[in-house]
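The values are calculated or read from the model by the stated rules, or taken from the named source; none is laboratory data. Everything quoted here is computed from the prediction, not taken from an experiment. No Cβ is skipped: glycine too gets one built from the backbone with ideal geometry, and neighbour counts run over all protein chains shown. The protein model used for the area step is the full one, side chains on, heavy atoms only, and it has no ligands, DNA or RNA in it. Shrake-Rupley method; radii C 1.70, N 1.55, O 1.52, S 1.80 Å.
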Amino acid sequence: MLKTDKVERMELYKDPATQVFLSKFLSGEIADLEPVFDYRMGYRYPKVEAIIKDPAEVEPFLNKLYEVGILTRKLHDKIIFCPKCNSTNINVRYCCPLCKSFDIKKSSLVEHVKCGYMDVEDNFLKTDRLICPKCHEELKKLDVDFRRAGVWCTCEECRKSFDIPVAELFCRDCHGSSTFEDVVVKDVYSYSIKDEVKQEAALGLVLIAPIIELFVENGFEVEAPAFLNGKSGANHKFDLVARKGNGAQKVTVIDLTTAGRESVSEQPVIALFAKIFDVAPNCAYLIAIPKISENARRMAELYNIQVVEAENQEEVVGALKSKLLGKQ
Ligand SMILES: [Zn+2]
Ligand SMILES: [Zn+2]
Ligand SMILES: [Zn+2]
């Protein structure tokens, strides 16, 4: 897995819709996400629609989670759309290859073993018995007296016979017919969460939630993620913004960054500094998981950014708590 994928995943874990969706996988409420067929809309994912609200956003949402390596997918079906009206309410019609009529009769070829006569089953049928039209003997036992020698179709329109019909797609909504050449075919997938990202997802999800709780317990109003306007007029995104007090509020901003098994570099420190320079909050925290590099630490000190190093949820909350309460 690419390292940039990991960074993108950590970003997604902070998104509320992703959090709700992934928590359903982690709790076992969803084991495999299977699409449900709806003949007007095609396939849908009701469990995702309950979270995303806008059905048009469901597919891009699942695609994104697949692309960054959170979800795996399996081909579930291929869905056929009418090229004329986009409906999925399509029926396959088997037609006469000669006159293209769909009024064909499917039958089987029957061979009388004893005399070798072969014809369609209908021509052997006399009331409810099979009688050979050539030698007039009754055919009683399958594979002893007679054999079925495959499918045979007769066109009710042109009366021609053939063994393989041609397929035509009939739209039940606009009544238009199309062939394989014209139709739009789309892959439909079922999804599940990758085993190797389960732990990572759990860590990403559980990190932000207890931080929110900690601030709320201490009388802050919290928004996560949050956008703040800077002096320059630019809008800046923070992973969490906490506000306290009436009138002139005390504003705390927090960014969360993770480096897997390595140390967090200067880059997120610089990014956070650029934002706080413009927004001028009272207090800025950078939560670095699992640790921060020496250069980045010095830079953070210089920029008046408080660094919280932590390997897990408990350490984050513990370290933040002592800084928060120590300052009050
Ligand atoms: Zn025909
Ligand atoms: Zn016969
Ligand atoms: Zn149609």
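Can you tell me the length gained on complete extension of the stretch Lys106 to Phe180, counting 0.36 nm per residue apart and subtracting the Cα distance?
Numbers: separation 74, 0.36 × 74 = 26.64 nm, distance 2.19 nm.
Result: 24.4 nm gained on full extension.
Out of Lys291, Lys126, Lys74, any idea which swings most in a Gaussian network model of the chain, alpha carbons joined below 10 Å?
Ranking Lys291, Lys126, Lys74 by mean-square fluctuation puts Lys126 first.
Lys and Arg at +1, Asp and Glu at -1: add these up for the other residues within a Cβ distance under 15 Å of Leu130 and post the number.
Summing Lys/Arg as +1 and Asp/Glu as -1 gives -1.
Calculate the dipole size of the chain relative to its Cα centre from +1 charges on Lys and Arg beta carbons and -1 charges on Asp and Glu beta carbons; express the result in debye to the nearest 20.
200
Quick one: net charge of Asn235's neighbours, Cβ under 11 Å, K/R +1, D/E -1?
+1
Calculate, in nm to one decimal, what Asn282 and Ala248 gain on full extension: separation in residues at 0.36 nm each, minus their alpha carbon distance.
11.2 nm
Under a GNM of the chain (C-alpha, springs under 10 Å), which listed residue has the highest mean-square fluctuation: Asp32, Asp239, Asp145?
Asp145
Residue farthest toward the positive end of the dipole of the stretch 125-229, with Cβ of Lys/Arg at +1 and Asp/Glu at -1: which of Gly150, Val184, Ala167?
Value: Gly150.
Express the accessible area of the stretch 23-129 per residue in Å², computed with a 1.4 Å probe while the remaining protein chains stay in the model.
In whole numbers, the stretch 23-129 has 60 Å² accessible per residue.
Taking loop as defined by DSSP and a crowding limit of 11 other beta carbons within 10 Å, which trypsin sites (Lys or Arg not before Pro) in the stretch 19-65 fit?
Counting only loop positions with at most 11 other Cβ atoms within 10 Å, the trypsin sites (Lys or Arg not before Pro) in the stretch 19-65 are Arg40, Lys53.
Suppose only helical runs count, i.e. DSSP H with n ≥ 4. What mean residue ellipticity at 222 nm does that imply for the chain under -39500 (n - 2.57) per run, divided by all residues and rounded to the nearest 500 deg cm²/dmol? Mind dumping the intermediate values first?
Working: 8 runs with 99 residues, N = 328.
When only DSSP H runs of four or more count, the value is -9500 deg cm²/dmol.
Find how many whole Å separate the alpha carbon centroid of the stretch 34-110 from the alpha carbon centroid of the stretch 200-264.
42
Treating only the Cβ of Lys, Arg, Asp and Glu as charged (+1, +1, -1, -1), what charge dipole size does the stretch 82-204 show about its Cα centre? Round to the nearest 20 debye.
320
Please report, in whole Å, how far the alpha carbons of the chain spread along each principal axis, starting with the longest.
107, 40, 33
Carbon and sulfur atoms: what percent of the 1.4 Å accessible area of the stretch 284-328 do they account for? Could the numbers behind the result be given before it?
Numbers: 1110 of 2450 Å².
Ligands and nucleic acids excluded, carbon and sulfur give 45 percent.
Once phi is turned into θ = phi - 60°, what whole-Hz ³J(HN,Hα) does the Karplus curve with 6.51, -1.76 and 1.60 give for every residue of the stretch 176-192, x standing for Gly and Pro?
x, 10, 9, 10, 4, 4, 8, 6, 9, 10, 10, 6, 10, 10, 9, 10, 9
If I build a Gaussian network model for the chain, linking alpha-carbon pairs within less than 10 angstrom, which residue out of Pro133, Pro210, Pro165 has the largest mean-square fluctuation?
So, out of Pro133, Pro210, Pro165, the one fluctuating most is Pro133.
Loop-only check: which trypsin sites (Lys or Arg not before Pro) in the stretch 188-258 are DSSP coil with at most 12 other Cβ within 10 angstrom?
Lys231
Protein chains only, probe 1.4 Å: how do Ile52, Ile292 rank by accessible area, largest first?
Order by accessible area, largest first: Ile52, Ile292.
Which residues does a label at Cys135 reach in the stretch 111-127, if reach means a backbone N under 11 Å from a point 7 Å past the Cα toward the Cβ?
Within reach of a label on Cys135: 112-117.
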